[in-house]
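Take a look at the structure set out below.
The values are calculated or read from the model by the stated rules, or taken from the named source; none is laboratory data. Keep in mind that this is a model prediction, so the values were computed, not measured. A quick note on method: Cβ atoms are made from the backbone with ideal geometry, for glycine too, and the neighbour counts reach across all protein chains shown. To get the accessible areas, we keep the full protein, side chains included, count just its heavy atoms, and leave off ligands, DNA and RNA. Shrake-Rupley method; radii C 1.70, N 1.55, O 1.52, S 1.80 Å.
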Amino acid sequence: MARPQTLIDKIWDAHVVREQAGEPTLLYIDLHLVHEVTSPQAFEGLRTSGRKVRRPDLTYATVDHNVPTTDRALPITDPISKQQIDTLRANCEAFGIPLADIHSRDQGVVHVIGPELGLTLPGKTIVCGDSHTSTHGAFGALAFGIGTSEVEHVLATECLQQTRPKTMEVFVFGQLPSGVTAKDLILGLIAKYGTAFGTGYVIEYRGPAIVALSMEERMTVCNMSIEAGARAGLIAPDDTTFAYLQGRRHAPQGADFEAAKQRWRQLCTDADAAFDARIEFDAQTLVPQVTWGTSPGMGADVTGRVPDPAQMADPVARRSAELALAYMGLTAGTPMQEIRIDRVFIGSCTNGRIEDLRAAAKVVQGKTIASHVKAMVVPGSHLVKEQAEREGLHDIFVQAGFEWREPGCSMCLAMNPDVLAPGERCASTSNRNFEGRQGRDGRTHLVSPAMAAAAAIAGHFVDTRQLA
Amino acid sequence: MEPFHTHTGILAPIPRANIDTDAIIPKQFLKRIERSGFGSFLFYDWRFQSDGTPIPDFVLNQAPYSSASILVAGPNFGCGSSREHAPWALLDYGFHVIIASSFADIFYNNCFKNGVLPITLPETDVEALLAQAQAQPGFTATVDLREQTVTTASGQSVHFAVDPYRKMCLLEGLDDIGLTLRHAAQIDEYEKTAPFAVAHA
């Protein structure tokens, strides 16, 4: 009998083009997603060396990082942003790559449109010049972020030189309590185990709490694997996955879909397969999370308080916490629920999908945001925006005082005009609370969509379980 | 890519953990479509006020640290975004070596693609280098990739580990794409079946 294998090993083995002792493996890539920020230098490299794109039919591009989220009929005012967007368009034309351009109905955040167009499928190897490519692992794909040199490498060869990653099982037992979300799960996991526990590993999330998640929730969890240090995180495909994929434009159709489903069912970790590492996490006792610092691991229960660096035994952690509290303008011991916020951002590749908007709208319905708060909802894609408008969610948000925007990465990284002013404090559904991430001297607290919506209304953090 | 053999330079200490790629090169500078010219924006928010005036407290605004070429920093260096602009900015500023007790995966990989050598040393060795660099401005070290050693001006030498294949590529300044294209026939062969690839229009 064959040696029992993990899902990660199965996908890896199915993509080995060449293996030679003492060299990295040449791994085949099934889907290469491209965006405007990390690709121009790669295309320039191809031109300089007279190389072509090997498989434009396995490559798909969109604009997301840099695009304005205001009226798209207006011209882009930032000339450098415009140049980057124009450059991607010219490169896609020159190299024959399909592009969901700024006015396309398919445009959106790259990690939102891949799944919704059915480009993301189980068993694929998927790369993109963006660290949150780990999102696509939710479908049982091996998906990870790469740098621009590797973008060029994949464009030219449809392969990557890779060393086999170590495997880690993250087993989540129990079920998420009512009012606690997938975002709280991944933030809680990182708060407990730190921002580097996954370094060098690919994570497979398993256990009853994971199986019970919807596809949107699984994407939120896999998305933030990189915040745990892991380049990739994945979840074995199951009926939830297949139901999401059926009928998606680029997914197999009809009898082909049924045949694919039979193959995809093989994509699971065999009983008795060994992981290189394993951690357990209890979903049952989880409480909604809010970060207080400048690293995603600096998180607390919403019922807790801002920690006191003086109580931290590890000198590196203490120094980091001191710097973080100074930057965040917070005092140790402050109850999390007394932290007053100025801005709310709902969107991003972590939480910009239809379920996220539904969760936020449910909290907001019939209420008005606090008078001192500015809040915006940025749908992850045009298709998400259209769906939300069909359901009337935009009316709920607008009536409550939120701005309803066009799709893009927006204030998750604030490359476009959506930026915090110095000192402003934001409840954000995005993935990084680094210094300056949402604008120089801006202060980011990472939360779930429901928590962000509740904070917008109260003007400070509140425990969403009490709203349920 | 320029080959890397040995490098001698001044150490710049930044004793912080989790230095992320947003700090190394803030996003407002990612809009350029070239690979060059990012050095002036390295650690921008730490080096400069919003009006562009230098912040004197920051180590790289102090001579002789301003001409350092070996950066020593806290654990999990380079976490966050996959932006290769981070190693481009470090190299363009003049850093050829980064020393830390741990690195984020994507950043670590991106360094090798650009001739920057990331060196992982035990935390106690990094602490010692940080202390020496802080106590003696202009303190230098020599990094020898072939021998895999860091030797300080005061004569202490530590050995570091590096993947042999990456070492070879760096020593010879090899182009990854060129190497992969030598195996084009095997890629052709794989593509005949490629079980999970689904071509779109």
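Taking the stated definitions as given, is B:Ala161 assigned to a helix (DSSP H, G or I), small (Gly, Ala, Ser), within 14 Å of chain A (Cβ to nearest Cβ) and more than 13 Å from B:Val97 (Cα to Cα)? Walk me through how you get there before you give the answer.
Details: assigned to a helix (DSSP H, G or I): no; small (Gly, Ala, Ser): yes; within 14 Å of chain A (Cβ to nearest Cβ): yes; more than 13 Å from B:Val97 (Cα to Cα): yes.
Criteria not met by B:Ala161.
Please indicate, with yes or no, whether at least one residue in region A:136-154 is touching a Phe, Trp or Tyr at 6+ places or on another chain (Cβ under 9 Å), aromatic (Phe, Trp, Tyr), within 13 Å of another protein chain (Cβ to nearest Cβ) and touching a residue at least 40 places away in the same chain (Cβ under 8 Å).
Yes, the conditions are met somewhere in region A:136-154.
Could you say whether any residue in region A:78-92 is buried (at least 24 other Cβ atoms within 10 Å of the Cβ) and in contact with a Gly (Cβ under 8 Å, 6 or more places away or on another chain)?
The answer is no; no qualifying residue exists.
Those residues that are touching a helix residue (DSSP H, G or I) at 6+ places or on another chain (Cβ under 8 Å) and crowded, with 20+ Cβ neighbours inside 10 Å, I need them from region A:252-280; list them, please.
Answer for region A:252-280, where residues must be touching a helix residue (DSSP H, G or I) at 6+ places or on another chain (Cβ under 8 Å) and crowded, with 20+ Cβ neighbours inside 10 Å: A:Trp264, A:Leu267, A:Thr269.
Counting only residues that are out of contact with any strand residue (DSSP E or B) (no Cβ under 6 Å at 6 or more places or on another chain) and among the polar types (S, T, N, Q), which one in region A:414-445 is nearest to A:Ile346 (Cα to Cα)?
A:Ser430
Taking region A:22-57 only, how many residues are of a type in the set (A, V, I, L, M, F, W, C) and modelled with pLDDT under 95? Walk me through it before giving the result.
Kept after step one, since they are of a type in the set (A, V, I, L, M, F, W, C), are these residues of region A:22-57: A:26-27, A:29, A:31, A:33-34, A:37, A:42-43, A:46, A:53.
Okay, now just the ones that are also modelled with pLDDT under 95, so none.
Counting residues in region A:22-57 that are of a type in the set (A, V, I, L, M, F, W, C) and modelled with pLDDT under 95 gives 0.
Before we move on, is A:Arg51 within 12 Å of chain B (Cβ to nearest Cβ) and either assigned to a helix (DSSP H, G or I) or open to solvent by 10 Å² or more (accessible area, probe 1.4 Å) (or both)? Talk me through it step by step, then tell me what you get.
On the way: within 12 Å of chain B (Cβ to nearest Cβ): yes; either assigned to a helix (DSSP H, G or I) or open to solvent by 10 Å² or more (accessible area, probe 1.4 Å) (or both): yes.
It is true that A:Arg51 is within 12 Å of chain B (Cβ to nearest Cβ) and either assigned to a helix (DSSP H, G or I) or open to solvent by 10 Å² or more (accessible area, probe 1.4 Å) (or both).
Let's see how each residue does on (1) surrounded by fewer than 23 Cβ atoms within 10 Å (Cβ to Cβ); (2) free of Cβ contacts under 8 Å to residues at least 24 places away in the same chain; (3) away from every other protein chain (no Cβ under 14 Å):
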{"position": "A:Pro288", "(1), (2), (3)": "no, no, yes"}
{"position": "A:Pro296", "(1), (2), (3)": "no, no, no"}
{"position": "A:Thr303", "(1), (2), (3)": "yes, no, yes"}
{"position": "A:Asp308", "(1), (2), (3)": "yes, no, yes"}
{"position": "A:Ala321", "(1), (2), (3)": "no, no, no"}
{"position": "A:Ala326", "(1), (2), (3)": "yes, yes, no"}
{"position": "A:Glu338", "(1), (2), (3)": "yes, no, yes"}
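Scanning region B:93-108 for residues that are within 14 Å of chain A (Cβ to nearest Cβ) and under 9 Å from the mean Cα position of the chain (by Cα), which turns out least open to solvent (accessible area, probe 1.4 Å)? Walk me through it before giving the result.
Within region B:93-108, the first condition is being within 14 Å of chain A (Cβ to nearest Cβ), and the residues that meet it are B:100-108.
Next, only the ones that are under 9 Å from the mean Cα position of the chain (by Cα) stay: B:107-108.
Working: B:Phe107: 6, B:Tyr108: 47 Å².
Looking at the filtered set, the residue picked out is B:Phe107.
Cβ-Cβ below 8 Å, separation at least six or inter-chain, first residue in region B:105-116 and touching a residue at least 40 places away in the same chain (Cβ under 8 Å), second of a type in the set (S, T, N, Q) and part of a helix (DSSP H, G or I): which pairs?
B:Phe107/B:Thr21; B:Lys113/A:Ser149; B:Asn114/A:Ser149
Tell me, which residue of region B:13-47 that is aliphatic (A, V, I, L, M) and part of a loop (DSSP other than H, G, I, E, B) is surrounded by the fewest Cβ atoms within 10 Å (Cβ to Cβ)?
Let us first name the residues in region B:13-47 that are aliphatic (A, V, I, L, M), namely B:14, B:17, B:19, B:23-25, B:30, B:33, B:42.
Next, from what is left, pick out any that are part of a loop (DSSP other than H, G, I, E, B): B:17, B:19, B:25, B:30, B:33, B:42.
Values: B:Ala17: 22, B:Ile19: 27, B:Ile25: 25, B:Leu30: 24, B:Ile33: 18, B:Leu42: 25.
Taking the candidates together, the pick is B:Ile33.
Kindly establish whether B:Ile10 is within 12 Å of another protein chain (Cβ to nearest Cβ), buried (at least 16 other Cβ atoms within 10 Å of the Cβ) and among the hydrophobic types (A, V, I, L, M, F, W, C). Full working, then the answer.
Values: within 12 Å of another protein chain (Cβ to nearest Cβ): no; buried (at least 16 other Cβ atoms within 10 Å of the Cβ): yes; among the hydrophobic types (A, V, I, L, M, F, W, C): yes.
No: the conditions fail for B:Ile10.
Applying the selection to region A:353-386, what residues are hydroxyl-bearing (Ser, Thr, Tyr) and surrounded by fewer than 24 Cβ atoms within 10 Å (Cβ to Cβ)?
Narrowing region A:353-386 to residues hydroxyl-bearing (Ser, Thr, Tyr): A:368, A:371, A:381.
Across region A:353-386, the qualifying residues are A:Thr368, A:Ser371.
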